[in-house]
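The values are calculated or read from the model by the stated rules, or taken from the named source; none is laboratory data. This structure is a prediction, so every number in the text was calculated from the model and none was measured. Ideal geometry is used to build each Cβ from the backbone, glycine not excepted, and the neighbour counts take in all protein chains shown.
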Amino acid sequence: MKILGIETSCDETAAAIVEDGRKLISNVVATSMHEHAKYGGIVPEIAARSHIESIIPVIEETMTKARLDWSQLDGIAVTYGAGLGGSLLVGVETAKSLAISKNLPLYPINHVEGHVYANFLTESEDDQYIFPKKQPEFPILALIVSGGHSQLVIFKNHFDYELLGQTSDDAIGEAFDKVGKILALPYPGGPNIEKAAKNGNPEKYKLPKARLDNKYDFSFSGLKTAVLRLAQSEAGKTYTFPSFELAGLLNEAQKADIAASFMHTSIETLVDKTLMAEKEFKPKTVVIAGGVAASPELRRQLTNSLRTNFQYPDFKLCTDNGAMIATLGCYKAMLKQPDIDPLKLGIEPNLSM
Ligand code: KG4
Ligand code: ZN
């Protein structure tokens with residue numbers, strides 16, 4: 001079973017071919033991040049235009065690298081939500097055209113569900129990837145942490161899952177990106193806060209953790225505001241001072257301590273809730289997924305505190321990619337989930353799990 005996965009929900013134009021839901025045959029990602037970085041965030045129009053330019057070359061390169069022709073594929077999987085409307089449209093319309101012209105079944109994929117499936121990849125002929133030794137076993141507790149989502153989900157089986165909790169405001173990756181902005185670090189915040197935090201003291205500042213009615217829900221906007229207030233007080237300014245000028249008044253040590261304290265508190269919040277869910281639901285495997293799953297601090301804290309078998313994807317498969325979409329597509333095809341009439345597939349920017 002070989003499936004082509006197409007992913008264009010945000011700024012990455014990505015395609016991949018996966019065999020039997022476990023073997024990565026080829027994986028190509030083109031990103032327009034360098035064009036967005038100077039604006040401090042993703043500009044939807046730039047992302048959509050870049051997808052239009054890149055989508056065909058990316059798919060062609062994926063097919064060439066796999067040394068397959070279209071008749072050897074068993075289907076196409078494409079992200080149809082959640083994501084930016086203009087970006088999603090490019091991937092979905094391309095996948096629909098290909099499904100019709102190559103006469104292949106089309107599987108619509110939920111982006112967030114897709115992230116979890118990066119954990120099912122265990123082999124490739126390409127030695128640039130580090131895979132888990134075996135596939136995760138159900139029930140699986142998944143912590144999904146990206147620029148758009150923070151969720152805890154328990155998967156009893158494929159396509160049979162329960163959402164335990166989610167963020168009531170900012171996603172964790174969004175909080176990293178916004179704190180990165182306060183500290184005038186390059187976009188995206190996640191990897192740059194990680195770098196800045198290396199020289200900082202994570203215990204220097206005590207930052208708040210939100211308490212919520214549903215113990216598995218998350219909230220990061222209070223933490224982000226606490227970081228802003230902290231930067232203002234360290235700079236000797238009040239809330240009326242322009243926030244984008246604050247970083248210029250902080251020295252490197254102050255910035256490193258703020259980055260380290262923020263990273264420590266935000267990651268500890270994720271870990272606390274994952275441990276609570278581990279205790280209550282007794283999963284066989286705990287996995288992490290999404291861009292923030294690339295955080296070495298998150299991997300370290302969970303490795304140290306979980307008792308259950310814990311797995312995570314290769315760094316390159318944490319941020320958006322086509323491999324995770326193709327992998328979930330394989331399970332849809334292998335487990336006889338219905339495909340969709342290409343003429344009936346539309347985008348769903350606000351799709352939830
Ligand atoms: O999954 P993803 O590529 O896109 C979405 O679906 O949102 O995640 C992007 C997010 C960004 O917010 C970025 O700051 C964060 O992942 N990220 C990280 C790291 N690498 C990327 N956050 C913390 N530590 C990292 N090393
Ligand atoms: Zn994503």
Residues of region 162-195 being assigned to a helix (DSSP H, G or I), surrounded by 22 or more Cβ atoms within 10 Å (Cβ to Cβ) and not charged (D, E, K, R), in sequence order, are 172, 173, 175, 176, 179, 180, 182, 189, 190, 193
Criterion first (within 16 Å of ligand 2 (Cβ to nearest atom) and at pLDDT 95 or above) does residue 135 satisfy it? no
Could you name every one of the helices (runs of 4 or more DSSP H) located completely within region 1-103 that has at least 2 residues being surrounded by fewer than 16 Cβ atoms within 10 Å (Cβ to Cβ) and within 19 Å of the chain's Cα centre (by Cα)? 33-37
Among the candidates 167, 122, residue that is within 16 Å of ligand 2 (Cβ to nearest atom) and β-branched (Val, Ile, Thr): 167
Selection count, region 125-136, where residues are over 17 Å from residue 291 (Cα atoms) and within 21 Å of the chain's Cα centre (by Cα): 4
Between a residue in region 275-302 that is away from ligand 1 (no atom under 16 Å from the Cβ) and any residue that is at pLDDT 95 or above and acidic (Asp, Glu), which pairs come within a Cβ distance under 8 Å, given they are 6 or more apart or on different chains? 284/137; 285/137; 286/278
